[in-house]
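Report on the structure given below.
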Ligand code: GLA
């Protein structure tokens with residue numbers, strides 16, 4: 001008996017050893033079970049370091065304190081925007097000569113990072129910080145992590161960071177391929193759980209998403225976003241062309257990152273703002289705003305705080321959606337969401353996109369009609385439909401063979417929740 005027991009223990013050993021290795025090997029920090037939501041300055045404030053001429057816009061502790069206050073007082077934190085993430089241009093140009101630690105810019109961050117982190121935590125928010133895997137940060141404003149992974153990860157942990165964005169500038173391909181997993185492991189070894197945002201695939205010709213998803217909580221797959229419909233649409237197209245690959249590796253704890261929400265700035269129309277929010281929710285993208293929260297127009301603030309749309313983005317099934325139908329002028333994007341009925345059939349969030357273009361339809365907005373089963377909505381129990389941008393607009397019950405009509409503004413979207421009916 002004893003012999004058999006010992007034998008079975010021995011047989012289990014390799015399995016246990018593999019499991020242990022696997023735990024140590026991947027990120028598996030249990031974070032980002034839904035896409036992270038927060039704020040980051042880069043697209044809106046770039047690398048403004050001249051606080052004399054641009055005191056409101058420069059990358060400084062006053063910008064982050066102001067934003068922390070506004071995230072709370074303006075109601076963004078209450079709907080889920082909790083990560084306040086510092087992007088590039090926060091560092092001194094060189095490390096501390098005696099300790100080799102990273103230093104924050106003394107003039108723009110006079111109280112230091114620990115104090116700023118405490119301020120952010122004091123508002124009930126989470127604190128994120130930017131770094132680079134290579135020799136220098138992308139704006140060439142400070143040293144990258146090369147040669148200092150353990151020290152830098154520990155510095156961030158000591159500062160109370162909850163999120164690290166690791167960029168990939170000034171590094172070779174092989175350095176990135178070794179560096180991203182290694183920095184994640186260094187983060188794990190600190191014992192502090194930090195969301196790990198990797199820019200790895202963006203710098204890689206043929207990204208290995210299986211590997212990336214194993215080591216990162218989110219990953220930038222697209223170029224830097226700019227404040228325009230063209231940029232938003234270009235990123236949507238990039239996703240659409242690669243969606244099967246991108247979808248396959250995303251889920252709770254690991255998300256595709258198409259870059260920040262540019263809503264609330266200068267160039268997105270109201271319709272294009274709705275479009276970005278809807279598609280970012282369908283593809284389960286992190287919702288990281290980049291804007292000046294003091295000047296966001298009320299109608300855009302209302303969009304950003306639309307709880308129904310955010311619920312789609314944060315849906316607990318964790319299944320990202322995709323484009324299921326496309327023509328020259330229209331696209332339909334679909335995401336399976338909760339609730340699921342007793343037959344295991346999902347509800348869906350469905351975004352109807354009008355790409356615009358003056359020849360799309362001479363009379364704008366355009367009417368689009370489709371039979372639901374063509375979109376994969378095939379539950380015979382039917383679906384209750386609500387307009388997500390106007391939740392008081394209940395559209396009624398639709399069956400798979402019914403045609404669904406919607407009028408879409410140019411360069412805009414209509415966005416509906418199709419809640420699957422229960423089985424009686
Ligand atoms: C790269 C990143 C941006 C931003 C800048 C900062 O371009 O993709 O998101 O972090 O660097 O320099």
Solvent-free Debye scattering, log10 I(q)/I(0), computed from the Cα coordinates of the range 138-271 at q = 0.10, 0.15, 0.16 Å⁻¹: -0.36, -0.79, -0.88
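I need the fraction of alpha carbon pairs in the range 84-128 separated by more than 18 Å, rounded to a whole percent.
Summing the P(r) tail past 18 Å for the range 84-128 gives 32 percent.
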Alpha-carbon spread of the range 324-402, three principal axes, descending order, Å: 45, 26, 20
For residue 384 and residue 270, compute 0.36 nm times the residue count separating them, minus their Cα-Cα distance, and round to one decimal in nm. 38.4 nm
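When the chain is fully extended, how far beyond the present Cα-Cα distance does residue 101 get from residue 248, taking 0.36 nm per residue of separation? Please list the in-between numbers first.
Values: separation 147, 0.36 × 147 = 52.92 nm, distance 3.86 nm.
That pair, residue 101 and residue 248, stretches by 49.1 nm at full extension.
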Whole Å is fine, so just give me how far the alpha carbon centre of the range 102-169 lies from that of the range 228-266. 25
Kirkwood hydrodynamic radius of the range 209-307, Cα pairs, Å: 14.0
With 0.36 nm assigned to each residue of separation and the Cα-Cα distance removed, residue 297 to residue 114 gains 62.6 nm
Need one number: the % of Cα-Cα pairs in the range 127-206 sitting beyond the 18 Å mark. 32
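DSSP beta bridges in the chain, what fraction antiparallel, as a percent rounded to 5? Spell out each step's value before the answer.
Details: 37 of 60 bridges.
Given both bridge residues lie in the chain, the antiparallel proportion sits at roughly 60 percent.
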Output needed: percent of Cα pairs per 10 Å distance bin for the range 245-391, bins running from 0 to the one holding the longest distance. 10, 37, 37, 15, 1
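How large is Rg/Rh for the range 272-351, to two decimals, with Cα atoms and a Kirkwood Rh? It would help to have the intermediate numbers written out before the result.
Details: Rg = 14.1 Å, Rh = 13.7 Å.
Using Cα coordinates only, the ratio equals 1.03.
Using the Kirkwood radius over C-alpha pairs as Rh, can you work out the diffusion coefficient of the range 360-424 via Stokes-Einstein at 20 °C, viscosity 1.002 mPa s, in µm² per second? Numbers along the way, then the final one.
Numbers: Rh = 12.7 Å.
Answer, rounded: 168 µm²/s.
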State, as an integer percentage, the relative contact order of the chain based on alpha-carbon contacts under 8 Å between residues 6 or more apart. 13
Evaluated at q = 0.15 Å⁻¹: base-10 log I(q)/I(0), Debye formula over Cα of the range 60-170: -0.62
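Give me the one-decimal Kirkwood hydrodynamic radius in Å for the chain, with the sum taken over alpha-carbon pairs. Can you show the working numbers first?
Details: mean 1/r = 0.0436 Å⁻¹.
The answer is 22.9 Å.
Values quoted throughout were computed directly from the atomic coordinates according to the rules given, and no laboratory measurement underlies them. Just so it is clear, the structure is predicted and the values come from calculations on it, not from any experiment.
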